[in-house]
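**Q** Before I ask anything, let me first share the structure, which is written out below as structure tokens.
The values are calculated or read from the model by the stated rules, or taken from the named source; none is laboratory data. All values reported here derive from a predicted model rather than from experimental measurement. Reconstructed Cβ throughout: ideal geometry from the backbone, glycine too, with neighbour counts over all protein chains shown.
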Amino acid sequence: MSLPHVGDDERRRRIASRHALAAAHRVGSVEDGCRAVVALHATESATVHLAVAARTSGVVVTDVDTALYEDRSIVKQLAMRRTLFAFPVDLLPAAWGSAAARVEAAQARRVAKAVESAGITDDGGAWLERACEAVMARLATGPASATQVREDVPEVAGVYPMDPDKKWSRPVNVAPWVLTQLGLRGLATRGVNAGHWRSNRPVWTRTVDWLGHPPRPLDERAGYAELVRRWLAAFGPGTTDDIQWWLGATKGAVRLALDDLAAEEVSLDGGSTGWVLPGDHGESPEPGPWAALLPTLDPTTMGWKQRDFYLDPAHRPFLFDTNGNAGTTAWWNGRIVGCWVQDDDAVVRLSLLEDVGSPARRALEAEAERLTAWLDGVVISHIYASAQMRHARLP
């Protein structure tokens with residue numbers, strides 16, 4: 001019996017509708033914009049806001065801040081691939097029990113080794129537990145930035161000599177490592193942002209204080225199954241390699257989750273196979289022509305390891321760095337066709353890698369105008385500026 005087939009055209013239609021990117025499919029709230037792609041990348045603080053802007057109508061910057069810091073309906077959490085995401089609050093237990101726990105174990109080993117090599121202690125594992133207890137005791141008195149924790153907690157006052165044999169060597173404070181460890185355990189979380197919305201300056205707080213209850217992680221198997229379920233609903237079909245890469249998990253964990261979900265295998269263009277939720281192999285409605293401008297590390301751009309169905313391989317070196325991190329992207333009908341930048345007056349400008357034709361160009365220019373208005377004079381700086389972005393910014 002042949003497998004059901006889901007072709008590249010259908011996969012691109014799903015991006016338009018399920019990721020809320022085509023104008024007719026945009027949603028009306030920050031939370032719905034987040035759920036459309038499971039969770040929002042948050043390594044660059046502005047990505048959260050800009051990813052929401054691309055997927056919503058009638059939502060402004062302050063609405064994103066309200067969801068993050070007042071309603072707390074989306075919460076920043078380090079998880080898959082040791083990457084910071086903004087999760088819908090109800091998905092945190094799944095992340096805590098699976099992806100975050102996996103990163104926590106690896107991170108604990110690295111921290112223990114580092115503090116031993118720095119001469120801070122001869123037992124890094126015991127030191128880390130004492131440091132975590134001391135930091136939690138400090139946070140019990142009130143929220144604190146990493147700098148305040150370092151000043152108030154003697155146990156984490158040490159530094160690590162990063163690259164001591166290099167001319168660019170600089171000491172690294174260990175206090176943020178401990179806060180990261182507590183975040184991965186779900187005991188502490190990034191609370192309010194002490195800086196502008198385009199920068200990450202978190203004030204840390206106990207999770208029980210931020211959410212009103214202690215963390216309640218799912219067990220590992222259930223946690224992975226829930227993450228994979230939501231990924232398949234938003235990104236499916238995807239290959240086993242796609243899911244494993246996105247999760248940062250083992251292939252065994254992915255296979256177990258697929259079994260638990262009774263996921264169905266489908267054939268893909270090019271001869272490979274992928275996975276969908278049970279029965280999810282029908283055709284989506286035609287969204288019509290659509291354009292979108294997405295930020296660096298956007299969840300759609302970063303959603304799959306195998307990207308040829310929406311990215312011309314010849315464009316990859318211009319839009320992604322050597323580690324696979326994406327800069328800004330310009331999309332036309334489910335394919336990446338270039339990027340965008342801002343000029344000194346905060347106006348969004350296109351930089352396209354192919355001739356998309358006049359109708360597409362007009363649609364993309366309209367999106368550039370929409371994003372310019374949404375940003376309202378704010379210029380975004382980028383950690384992950386692609387080669388094409390850097391070239392487009394040259395005078």
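**Q** Being closer than 24 Å to residue 98 by Cβ and either free of Cβ contacts under 8 Å to residues at least 60 places away in the same chain or part of a helix (DSSP H, G or I) (or both) is the filter here; which residues of the range 255-276 pass it?
**A** 255, 256, 257, 258, 259, 260, 261, 262, 263, 275
**Q** Of the residues that sit in the range 200-236 and are part of a loop (DSSP other than H, G, I, E, B) and touching a residue at least 24 places away in the same chain (Cβ under 8 Å), which one is surrounded by the fewest Cβ atoms within 10 Å (Cβ to Cβ)?
**A** By that ranking, first place goes to 216.
**Q** Hey, does the range 283-293 have a residue that's of a type in the set (A, V, I, L, M, F, W, C) and under 24 Å from residue 227 (Cα atoms)?
**A** As a first pass, look at the range 283-293 and keep what is of a type in the set (A, V, I, L, M, F, W, C): 290-293.
Filter again for under 24 Å from residue 227 (Cα atoms), leaving none.
Within the range 283-293, not a single residue is of a type in the set (A, V, I, L, M, F, W, C) and under 24 Å from residue 227 (Cα atoms).
**Q** Given the options 94, 106, 137, name the one that is in a helix (DSSP H, G or I) and buried (at least 18 other Cβ atoms within 10 Å of the Cβ).
**A** Details: 106 fails: buried (at least 18 other Cβ atoms within 10 Å of the Cβ); 137 fails: buried (at least 18 other Cβ atoms within 10 Å of the Cβ).
Result of the check over 94, 106, 137: 94.
**Q** Considering each residue of the range 57-69, count those that are over 16 Å from residue 200 (Cβ atoms), surrounded by fewer than 23 Cβ atoms within 10 Å (Cβ to Cβ) and either in contact with an Asp or Glu (Cβ under 9 Å, 6 or more places away or on another chain) or acidic (Asp, Glu) (or both), and give that number. Full working, then the answer.
**A** So in the range 57-69, the residues over 16 Å from residue 200 (Cβ atoms) come out as 57-60, 62-63, 66-67.
Still in the running and surrounded by fewer than 23 Cβ atoms within 10 Å (Cβ to Cβ): 57-60, 62-63, 66.
Narrowing the set further to residues that are either in contact with an Asp or Glu (Cβ under 9 Å, 6 or more places away or on another chain) or acidic (Asp, Glu) (or both) leaves 60, 63.
Residues that pass the stated criteria total 2.
**Q** Can you work out which of the residues in the range 20-55 that are in a loop (DSSP other than H, G, I, E, B) and over 14 Å from the mean Cα position of the chain (by Cα) is surrounded by the most Cβ atoms within 10 Å (Cβ to Cβ)?
**A** Per the stated criteria, the residue is 20.
**Q** Would you call residue 252 surrounded by fewer than 16 Cβ atoms within 10 Å (Cβ to Cβ) and in a helix (DSSP H, G or I)?
**A** yes
**Q** Let me ask something else. Can you tell me which residue among 377, 334, 324, 357 is in contact (Cβ under 8 Å) with a residue 40 or more places away in the chain and not polar (S, T, N, Q)?
**A** Only one candidate passes the filter, namely 334.
**Q** Please work out if residue 316 is of a type in the set (D, E, K, R), under 29 Å from residue 220 (Cβ atoms) and surrounded by fewer than 18 Cβ atoms within 10 Å (Cβ to Cβ).
**A** Details: of a type in the set (D, E, K, R): yes; under 29 Å from residue 220 (Cβ atoms): no; surrounded by fewer than 18 Cβ atoms within 10 Å (Cβ to Cβ): yes.
So residue 316 fails the test.
**Q** Part of a helix (DSSP H, G or I) and either outside the structural domain of residue 364 (by TED's automatic domain parsing) or on the phi < 0 side of the Ramachandran plot (or both): is that true of residue 71 in this structure?
**A** Working: part of a helix (DSSP H, G or I): no; either outside the structural domain of residue 364 (by TED's automatic domain parsing) or on the phi < 0 side of the Ramachandran plot (or both): yes.
Against the criterion (part of a helix (DSSP H, G or I) and either outside the structural domain of residue 364 (by TED's automatic domain parsing) or on the phi < 0 side of the Ramachandran plot (or both)), residue 71 does not qualify.
**Q** Just the residues that are closer than 12 Å to residue 76 by Cβ and surrounded by 19 or more Cβ atoms within 10 Å (Cβ to Cβ), please, taken from the range 185-199. Write out each step before concluding.
**A** From the range 185-199, those closer than 12 Å to residue 76 by Cβ are 188-193; that's our starting set.
Answer for the range 185-199, where residues must be closer than 12 Å to residue 76 by Cβ and surrounded by 19 or more Cβ atoms within 10 Å (Cβ to Cβ): 188, 189, 190, 191.
**Q** Here is a further query. As an exercise: evaluate residue 319 against (1) under 26 Å from residue 232 (Cβ atoms); (2) touching a residue at least 60 places away in the same chain (Cβ under 8 Å); (3) touching a Phe, Trp or Tyr at 6+ places or on another chain (Cβ under 9 Å) and give the number of the one condition it does not meet.
**A** Going through the list (1) under 26 Å from residue 232 (Cβ atoms); (2) touching a residue at least 60 places away in the same chain (Cβ under 8 Å); (3) touching a Phe, Trp or Tyr at 6+ places or on another chain (Cβ under 9 Å), residue 319 breaks only (3).
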